[in-house]
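The values are calculated or read from the model by the stated rules, or taken from the named source; none is laboratory data. Quick caveat, the model's predicted, so the values are computed rather than measured. Note: ideal-geometry Cβ built from the backbone for every residue, glycine included; neighbour counts use all protein chains shown. The area values use the complete protein model at the heavy-atom level, side chains included, leaving out ligands, DNA and RNA. Shrake-Rupley method; radii C 1.70, N 1.55, O 1.52, S 1.80 Å.
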Amino acid sequence: MPSVIRPDIESLGFSGINKIATTALEDPEVIPLWFGESDIVTPDFIRQAASAAMDGGKTFYSYARGQLPLREALLAYHRRVYGLSLDPDRISVPGATMTSVMITCQCLVRPGDEVILVSPYWPNIRTCVQIMGGHPVDVRLEEGPERWSLDLDRVVRAITPRTRAIYVNTPSNPTGWIMSEEEGRALLDLCRKHGLGLISDEVYHRNVFSGAVAAPSFLTLAEPDEPVFILNGFSKAWAMTGWRIGWMVAPRHLAEPIAVLAEVNTTSAPAFVQYGAIAALEQGEPFLQSFIDRCRINRDLVFQTLGAHPRVELLRPEGAFYAFPRIEGVTDSLALATRILAEAKVGLAPGYTFGEGNQAHLRLCFAIRTERMAMAMERLCAVLDQLD
Ligand SMILES: Cc1ncc(COP(=O)(O)O)c(C=O)c1O
């Protein structure tokens, strides 16, 4: 009897990150660098704001696009960080950044549509496109010699009559690439020329090592009514990965449809969680600066240790908190990550899961304590020394 379950859904499987991590989640000896988070508990002032809100009775349903105090705090944040006065109808807080990614795909992707994914990419975007019945089309960044970069001609060659949208994530998970403003302008012009939507995942917007306040954003390039979706969140800047809250900036006329989509996806972000988010926006700069300093030190450590290994090619990450080294001669990234886990007790994500052409790569998150990072690099290099 044929299954009533959609084949697209029945065939869903774990990403390479979960495939390996679920084998050793409870092993205390493993130094886990496979997920995108640090070992820092959310700062006290954020926890206290959420707990005071909960004690004060903020336990009810809230407006699907986020409560007014949080949306006002977001408007002030955009003024401060980007010098922009956004139309309040453009900002929504439907749940985590992940939820905004899914809602954006629900807005754009019809069955059979192609979505160009600037790769290497975070694997969940591919899954969202597939769940909507769309087809992901990888366009890989140029790797080196000094940095990752976007070759627009490659994007142009990937566009077909079925292309609906382009997804780009900058600063990038997993490469640490930061799109320059010129690259952004050119990509936006291309979208305009071909009538494509643009999904800009800017969840690492503050995780920047150059000293800039934030990475270049499509917020300052796109017009308010263009089909450009800017997705953002609290997870990566304020150590709030478990809180499941983020925001999106969308075309003005979609305010109501996005409220409806938020309603059926999450109903709303939890009310008391939204008060923690306000505290992060209003009081979070000192924490953020100390976190960026830690990540910069760790980035340099990884670059100087792992990056100097004779088997390794590593481009220096400009933002986010990942390194994406290429290991010379490797053809099976999952087998290598599995070997490193067994022999060195270091948890890494296999490159293949970040799109085509990454079988020789591994991803590691460098946001944990520097001493643990140093230990992980020592153990990892010892395994690489033994490779044939
Ligand atoms: C590129 C990218 N987008 C979105 C997310 C999801 O963020 P959130 O935890 O806020 O849902 C992640 C998390 O790793 C990510 O790396």
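Points worth noting:
- Net length available on complete extension from L288 to R379 is 29.8 nm, with 0.36 nm assigned per residue and the Cα-Cα distance removed.
- Percentage relative contact order, the chain, counting C-alpha pairs under 8 Å, at least six apart: 25 percent
- Protein accessible area in the chain, 1.4 Å probe - carbon and sulfur %: 54 percent
- Alpha-carbon centroids, region 141-157 and region 44-107: separation in whole Å: 34 Å
- Of L84, V129, P145, farthest towards positive along the dipole that unit charges on Lys, Arg, Asp, Glu beta carbons give the chain: L84
- Taken about its Cα centre, region 57-283 carries a charge dipole of roughly 460 debye when the Cβ of each Lys and Arg holds +1 and the Cβ of each Asp and Glu holds -1.
- Rounded FRET efficiency, nearest 0.05, which uses the C-beta distance separating Q106 from T59 and R0 of 25 Å: 0.35
- Computed across the chain, the Kirkwood hydrodynamic radius from all distinct Cα-Cα pairs reaches 21.5 Å.
- Loop sites in region 305-384: GluC sites (Glu not before Pro), DSSP, at most 14 other Cβ within 10 Å: E328, E356
- Dipole of region 1-85 [Lys/Arg +1, Asp/Glu -1 at C-beta], most positive-end residue of L25, G13, T59: T59
- Over region 57-283, relative contact order from alpha-carbon pairs under 8 Å, at least 6 apart, %: 30 percent
- Loop-resident trypsin sites (Lys or Arg not before Pro) (DSSP state other than H, G, I, E or B) in region 95-202 with no more than 14 further Cβ atoms inside 10 Å of their Cβ: R162.
- Only helices enter this figure: runs of n ≥ 4 DSSP H residues, each worth -39500 (n - 2.57), summed and divided by the residues of the chain, yield -12000 deg cm²/dmol at 222 nm to the nearest 500.
- Label point distance in nm, E343-E72, each placed 7 Å from Cα along Cα→Cβ: 5.9 nm
- Taking the centroid of alpha carbons for each part, region 310-360 and region 212-239 are 28 Å apart.
- Estimated dipole of region 145-218 in Debye, rounded to 20 [Cβ of Lys and Arg +1, of Asp and Glu -1, Cα centre]: 340 debye
- Set of lysines with alpha-carbon distance to K19 below 22 Å, sequence-local pairs under 8 removed: K345
- Accessible area of the chain divided out per residue, in Å², using a probe of 1.4 angstrom: 42 Å²
- Stretching S11 away from T267 to a fully extended chain increases their span by 89.4 nm, per 0.36 nm per residue minus the current alpha-carbon distance.
- Loop-resident sites, region 1-83, for chymotrypsin sites (Phe, Trp or Tyr not before Pro), counting at most 12 other Cβ within 10 Å (DSSP): F14, F60, Y61
- By the rule of a second cysteine Cβ within less than 4.7 angstrom, the chain holds isolated cysteines at C107, C191, C295, C365, C381.
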